[in-house]
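In what follows, a single structure is set out as structure tokens and then discussed.
The values are calculated or read from the model by the stated rules, or taken from the named source; none is laboratory data. Only a predicted model underlies this, so the values are computations on that prediction, with no experimental measurement involved. In this analysis, Cβ positions are derived from the backbone assuming ideal geometry, glycine residues included, and neighbour counts consider all displayed protein chains. Note: accessible area is taken over every heavy atom of the protein model, side chains too, but ligands, DNA and RNA are not part of it. Shrake-Rupley method; radii C 1.70, N 1.55, O 1.52, S 1.80 Å.
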Amino acid sequence: MIDAHVHLEKGPYTREWLQEFIFYAQERGIREIYFLEHTHIFRECSSLYSEMSQYNGYQQSWYCKKLEKSRPLTDYLLFADKMRRESFPVKVRFGLEVCYSQQHEKEIEKLKNSYSFDFLVGAVHFIDGWAFSHLRQPWKKEDCDLHKLYCRYYELLLKLADSGLFTGLAHPNSLQCFGAYPVGNYDEMYEELAGKLRRNGMYIEESSGLAINYGDRQLGMNRRMLEIMKKGKVSILTASDAHIPRNVGLYFKEMTDIMDGICTVSQHQVETCKGLLQSGKK
């Protein structure tokens, strides 16, 4: 199995810290880890956050704190180059998780062409400047037109997939982080997304990250999206969105079973997940 989404940013860039993630990978039968970092922790990527940071007071404060603690991208790149020369019991890759906005495609392209990454995964964390997935900025589904909101969210996923900038699409279920599941039929958008991903040679994540970080009762993509991705022959990679070592590969057996059509996540599993992951909150 592959864990295609693991973050190192909560610790130092050292072999010892990386080895802690590898320990749990071995325990859970993971043969390959895609390590990646959020672009918001690097000062070179600050232009990607202009609209988001101006959206409201909370988001401005959040990003200002990130910018104050930002690190040079070269620190990560030098560490990645060093680790590629090391020997590990699992295969390791190093990339970036890029916050995608259509108006910043040129900056993202420059970032992609200026540095050496094994992969670049695109993520939609903002809808027209609104950072919808922050635990300290929760929202209620009752206060939204969910169909309209999901249409806009999927429209952004389509633009991301069509940009030609990325190797993969991260956690395409992020909008349900506070229990707001899709309302309506989106088959046409799912089919269009599958076509764009396949044509551009991109993978899509089947992610346990929302169960881990938000206690979501649903693992991975909603069933209809998953069915259409499988039917469309899109490459699907399991991903944990782990920010601490013990979350690597968490719930992968359950997600694999879901992809094979034989089980769903239980409430007990979610409660267990919540207990484990308090220190991994974003």
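Output the number of residues of the range 245-263 satisfying the condition of being open to solvent by 20 Å² or more (accessible area, probe 1.4 Å), touching a residue at least 40 places away in the same chain (Cβ under 8 Å) and among the hydrophobic types (A, V, I, L, M, F, W, C).
Total satisfying the criteria: 1.
Residue-by-condition table, conditions (1) open to solvent by less than 10 Å² (accessible area, probe 1.4 Å); (2) out of contact with any Phe, Trp or Tyr (no Cβ under 8 Å at 6 or more places or on another chain):
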{"residue": "Phe23", "(1), (2)": "no, yes"}
{"residue": "Tyr55", "(1), (2)": "no, no"}
{"residue": "Lys82", "(1), (2)": "no, yes"}
{"residue": "Val98", "(1), (2)": "yes, no"}
{"residue": "Gln103", "(1), (2)": "no, yes"}
{"residue": "Glu107", "(1), (2)": "no, yes"}
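Tell me, yes or no, whether the range 186-199 has at least one residue that is more than 19 Å from Asp128 (Cβ to Cβ), free of Cβ contacts under 8 Å to residues at least 24 places away in the same chain and open to solvent by 10 Å² or more (accessible area, probe 1.4 Å).
yes
Among the residues of the range 12-47 satisfying the criterion of being of a type in the set (Gly, Ala, Ser) and out of contact with any Asp or Glu (no Cβ under 8 Å at 6 or more places or on another chain), which is nearest to Glu68 (Cα to Cα)?
Ser46
Which residue pairs have Cβ atoms closer than 7 Å, lie 6 or more positions apart in sequence or on different chains, and pair a first residue in the range 6-24 that is at pLDDT 95 or above with a second residue that is open to solvent by 70 Å² or more (accessible area, probe 1.4 Å) and not hydrophobic (A, V, I, L, M, F, W, C)?
Note: pairs meeting the criteria are Tyr13/Asp75; Arg15/Glu86; Ile22/Pro89; Tyr24/Arg246.
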